[in-house]
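Q: My questions all concern the structure below.
The values are calculated or read from the model by the stated rules, or taken from the named source; none is laboratory data. Computed from a predicted model, the values in this text were never measured in an experiment. Here Cβ is always computed from backbone atoms with ideal geometry, including for glycine, and neighbour counts include all displayed protein chains.
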Amino acid sequence: MKANDAPPLRDVVLLGGGHANVQVLKRFGMRPEPGLRLTIVAREPHSPYTGMLPGHVAGAYTWDDIHIDLARLAAFAKARFIAAEATGIDPGERCVLFAERPPLRYDVLAINTGGVPGERHASDFVTPVKPIGRFLPVWQELTATGEPPKRLGIVGGGPGGVELALAIVHRHPGTRCTIVDGDADILEALAPRARRRLLRTLRERGIALVTGARILQARDGELIAEGGTSIAVDHALWVTGVEAPRWLADSGVDTDDHGFVAVNDYLQSTSHPEIFAAGDVAHLGGQIRPKSGVYAVRQGPFLADNVRRQATGRELRRFRAQRHAMAIVGLGVGKAVASRGGLHAAGAWVWSVKQWIDRRFMRKFNDLPVMQETPPEVTEALRGELPPAMRCGGCGAKLGADSLRKVLDRLDVPGSPMIVQGIGDDAAVVEVAAGNIAMTCDGFRAMIDDPYRFGRISAHHAMNDLYAMGARPRFALAIATVPLMAEAMMEDDLLQMMSGALDVFKAVDVDLVGGHSAEGGELGLAFSITGTVPDAALAKDGLAVGQRLVLTGAVGTGTVLAGAMQGRTRAAHLLAAIEQMDSSNAHAADVLREHGATACTDVTGFGLVGHLSEMTRASGMGARIQAESVPVLPGALGLMAAGVASSLQPNNELALADYVVTGEAPNAPVVRLLADPQTAGGLLAGVPQAAAEDCVRRLRAGGYPTAAIIGEVTPGDMDIMV
């Protein structure tokens, strides 16, 4: 094996999508490190840039302007993107903890999650501005009618609170803003002339200022300060300092008196050298600075370099925080005030400079270059850990017994009195009641970065054939494939993947009775599912003239996933596709049967038109599809129009020859999307006309929000109406 073809040997996990961690991703994308696998774990799929928030509120920037798409950036860095909220870390086991999924291992961890708002301020009446990802949806709701609450309190008189107040009154002149601060004077850290200019602007814009009033309580209609002072407001925005995530104090990692991660001059934990932290969540001993995004931005290059160096056994670089950061405070839109040390500037040109700085920063992460596929050599520190160049095939490709046993011991596999011989074997013996048995097998290589969610999707997908025929899945055998990596990494991927599948099986009382694991080129998972048929099976040949065609889920997973592989799918659109794929068709099958469905299929690899053609041929019928009624996943139509499609798309489009298309050309994106291959897609059924509307209502109420009547069964031709 060549050193520059090294498999992953270390797991580098970036916890949080803050201003420093996004720079780690970008720098690893620009210069990959053989032997390292990057994973970013973030609660929200888009990372907002703090410096542009007031401009967005003021109307100068769109939502897209101020957000970094983490899925696209991760694709550029060839990193895994996991959308999940961590609940803690276990430094002893070196893993990130979650509430409803297995821990995720790391060799090196970089924490850049930001702080959290204080619990005492959380209420419907008070909205913390940090984290911004949670503030923006609330602000959008508050301004949904076109105007925010008339009396708005801004708790916190620092530059951030002042700039936000000025942005609000610029966009919504009728709003009466009141800035409240516990100190007797505000903006003391700014240059005197800059401070005077900002205070004068507050007066000119009619923004009230209440100082020396430390807020102790917030309740509907008023803010209560020390001494009992009451300030009447309709809503309050909290712009004071953040608190440390509560799980840090329980982690065993060194923290300061306020619970923030204590780091040294290398941004490295003072207690755990494999852990780094930056931004608001970190306390840099000996270099105390305000918790501001400007410092996190400066830390980014050093964090990226030291994470790389730590993982590859090289000497770390010392970070020195700037003593005086330049603060630029917008006066709404068009003018700004700048301050650094004792110097100040103001005017329209300062606003232009601020825009240039902010947009240049965002372009680094949203305008990504195309990189050459020429990875450098693996470092000397990792070279000794390379596995043998010649890998065995056949049974020699199985995962080692020790690795497999470790994973099985960690999986919570429930027992069943029906299993005579089971888990741990390649085969199983089970007892079944008399009656019809239904069997299916299905599987594929991983199409998303998150192995846990991939395991869940694989389990849903494998059971869909049985749901479509009205069967109840009962037993599953697994075939798991894990790519060559360091042994601990292979174990963790297998654990993540099988934990996801097992969680799905448990929810529908399916017993995982055994399986086979092997080393392969890519992460993959397949299942053989056996079930029972309690009633007459639904088949593809049961369509009848006049029936309505009911589809339980949206189409578009093929083009959305293809776009994600190319870094062209928006993170929010990718997550919408994942959410649909990670949902069970069990209840949908029951609803369809209750409403008289006589034929059903799951929509998967052949696309909607391909699977419908199978049904009509088997039934000797025709069909008419109303294309505008077919539910489509967010972003799918735009991607198809841009030429992004699955590799299976050309073959699937051959099925369009069965149809007469009216209203659009047969190669129109809306038509081509009907041939898009689906993963863990919805069910397509023929339902009697009289029951179809109620069937869709029940489906939507039961957790299938995009369910729709998409056409009808006809006696002859196959038509697509656009």
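Residues are listed down the side, and each one gets a yes or a no for (1) out of contact with any Gly (no Cβ under 9 Å at 6 or more places or on another chain); (2) farther than 25 Å from Ile357 by Cβ:
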residue: Glu274; (1), (2): yes, yes
residue: Gly279; (1), (2): no, no
residue: Gln287; (1), (2): yes, no
residue: Gln299; (1), (2): no, no
residue: Gly313; (1), (2): yes, yes
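Q: Part of a strand (DSSP E or B), modelled with pLDDT under 90 and surrounded by fewer than 20 Cβ atoms within 10 Å (Cβ to Cβ) - does that describe any residue in the stretch 425-432?
A: There is at least one residue in the stretch 425-432 that is part of a strand (DSSP E or B), modelled with pLDDT under 90 and surrounded by fewer than 20 Cβ atoms within 10 Å (Cβ to Cβ).
Q: Residues Leu523, Leu512, Leu543: which one is outside the structural domain of Tyr106 (by TED's automatic domain parsing), closer than 30 Å to Ala599 by Cα, crowded, with 21+ Cβ neighbours inside 10 Å and touching a Phe, Trp or Tyr at 6+ places or on another chain (Cβ under 8 Å)?
A: It is Leu512.
Q: Which one of Gly703, Gly681 is touching a strand residue (DSSP E or B) at 6+ places or on another chain (Cβ under 7 Å) and within 25 Å of Asn585 (Cα to Cα)?
A: Gly681
Q: Thr127: of a type in the set (S, T, N, Q), surrounded by 18 or more Cβ atoms within 10 Å (Cβ to Cβ) and farther than 30 Å from Pro8 by Cβ, yes or no?
A: Considered against the rule, which asks whether it is of a type in the set (S, T, N, Q), surrounded by 18 or more Cβ atoms within 10 Å (Cβ to Cβ) and farther than 30 Å from Pro8 by Cβ, Thr127 comes out as yes.
Q: Just name the residue that is surrounded by the most Cβ atoms within 10 Å (Cβ to Cβ) out of those in the stretch 672-689 that are closer than 15 Å to Leu608 by Cβ and among the hydrophobic types (A, V, I, L, M, F, W, C).
A: Going through the qualifying residues, I end up with Ala685.
Q: Turning to a different aspect of this structure: Being exposed (fewer than 14 other Cβ atoms within 10 Å of the Cβ) and part of a helix (DSSP H, G or I) is the requirement here; does Gly227 meet it?
A: So Gly227 fits the description; yes.
Q: Additional query: Quick check: anything in the stretch 55-75 in contact with a Pro (Cβ under 6 Å, 6 or more places away or on another chain), surrounded by fewer than 18 Cβ atoms within 10 Å (Cβ to Cβ) and either among the aromatic types (Phe, Trp, Tyr) or not in a helix (DSSP H, G or I) (or both)?
A: No, that holds for no residue.
Q: Could I ask something else about it? Based on this model, can you work out whether Ile186 counts as outside the structural domain of Asn306 (by TED's automatic domain parsing), surrounded by 21 or more Cβ atoms within 10 Å (Cβ to Cβ) and part of a loop (DSSP other than H, G, I, E, B)?
A: Yes.
Q: Among the residues of the stretch 645-671 satisfying the criterion of being in contact with a Gly (Cβ under 8 Å, 6 or more places away or on another chain) and surrounded by 22 or more Cβ atoms within 10 Å (Cβ to Cβ), which is farthest from Ala564 (Cα to Cα)?
A: Within the stretch 645-671, the match that is farthest from Ala564 (Cα to Cα) is Asn652.
Q: Additional query: Please work out if Ala296 is of a type outside the set (Phe, Trp, Tyr) and in contact with a Phe, Trp or Tyr (Cβ under 7 Å, 6 or more places away or on another chain).
A: No.
Q: Please go through (1) in contact (Cβ under 8 Å) with a residue 24 or more places away in the chain; (2) closer than 17 Å to Val713 by Cα for Arg617 and return the number of the only condition it doesn't satisfy.
A: For Arg617, the failing item is (1).
Q: Of the residues that sit in the stretch 471-502 and are of a type in the set (D, E, K, R) and under 24 Å from Val13 (Cα atoms), which one is surrounded by the fewest Cβ atoms within 10 Å (Cβ to Cβ)?
A: It comes out as Glu487.
Q: Something else: Please list, ordered by residue number, the strands (runs of 3 or more DSSP E) wholly in the stretch 467-552 having 2 or more residues that are modelled with pLDDT of 90 or more and either closer than 27 Å to Ile82 by Cα or of a type in the set (Gly, Ala, Ser) (or both).
A: Passing ranges, in order: 472-483, 524-533.
Q: Could you check, for the stretch 69-81, whether at least one of its residues is closer than 17 Å to Asp11 by Cα, touching a strand residue (DSSP E or B) at 6+ places or on another chain (Cβ under 7 Å), assigned by TED's automatic domain parsing to the domain that holds Arg43 and without any contact (Cβ under 8 Å) to a residue 24 or more places away in the chain?
A: no
Q: Is there a residue in the stretch 18-35 that is part of a strand (DSSP E or B) and at pLDDT 95 or above?
A: No; the residues of the stretch 18-35 include none that is part of a strand (DSSP E or B) and at pLDDT 95 or above.
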